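Only one structure is covered here, and it is reproduced in the block below.
The values are calculated or read from the model by the stated rules, or taken from the named source; none is laboratory data. Bear in mind the structure is a predicted one, so any value in this text is a computation, not a measurement. Positions of Cβ are backbone-derived with ideal geometry, glycine not excepted, and every protein chain shown enters the neighbour counts. These area figures cover heavy atoms from the full protein model, side chains too; ligands, DNA and RNA do not enter into them. Shrake-Rupley method; radii C 1.70, N 1.55, O 1.52, S 1.80 Å.
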Amino acid sequence: MERVETAAVSGYRAVDDYTSNDYTLRITSAVVVDNDGDSGLVSMELTNTGSGTIELDTPSSYVGQETSVAYLGFVESQRGNGDEYKFYVSEDTRRSFSEVGQWETYEIAGSIPFVMASNSDYSVAVGVGDGPADTNLAMTETDPPTLIRIFTNRVVLDPEETVEWQLPYTGLGTGDLPADEARNRIEAASSLPIPDDSEWEIFG
């Protein structure tokens, strides 16, 4: 684990290696928070450090298909009751989790596609900024549904190839799913700086 604190952001970074036979995938995850606001940015960098080609995809038996890059949901104690726990998919799709099924899919659009979940007190949103593939849909998950997941198109990594997704996020002190405010914050958060390698320090 590494941490960082600059005039603009604070955050942490972790590097994880996953190995199986000829396949080795390195995932470098950096999470920063805007020091002046309630938003942040996740940088998720994936590098094929092995000798075989890696396909970033879901199993063929999985309903969502393609590549899952983020999901959003509250822990059980924060969900509220019944219709108070809701989700929003850009643009203009609002539902209560209690109204939908486990694998329902929704078109996801906008300059920065995003999803949002809320209880009666606050809302949280996450979007997909820069990335190697187009965002193609959002899907509800678990039975009964409590999560909303974002998928992008399939990505294939050749040996030594690196791809990166940037996922802006924000929290809002209202349970009304304020789409315009969330969209503005997500777009602003997508411009937050991810510090250079020299700015991170190891801790823990």
Fill in the blank from the handout: The answer for the per residue Cα convex hull volume of the range 32-125, in Å³, is 166 Å³
Handout entry: Residue order for M1, M44, M139 - accessible surface, 1.4 angstrom probe, largest first
Key = M1, M44, M139
Exercise for the section: With just the Cα atoms of the chain, tell me how far they stretch along each of the three principal axes, in Å, largest first. Expected result: 49, 46, 32
Problem - Anisotropy class of the range 1-66 from Cα gyration tensor, a/c 1.5 cut - result: oblate
Problem - Cα shape, the range 138-201, gyration tensor, a/c 1.5 rule - result: oblate
Practice task
State, as an integer percentage, the relative contact order of the range 39-133 based on alpha-carbon contacts under 8 Å between residues 6 or more apart.
Solution key: 21 percent
Practice task
Any chance you could get the radius of gyration and Dmax over the Cα atoms of the range 103-173, in Å?
Solution key: 14.0, 47
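Given 0.36 nm per residue, what is the gain on full extension from D121 to S20 after removing their alpha carbon distance, in nm?
32.0 nm
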Practice task
Set the Förster radius R0 to 45 Å, insert the Cβ-Cβ distance between E5 and E99 as r into 1/(1 + (r/R0)^6), and round the FRET efficiency to 0.05.
Solution key: 0.60
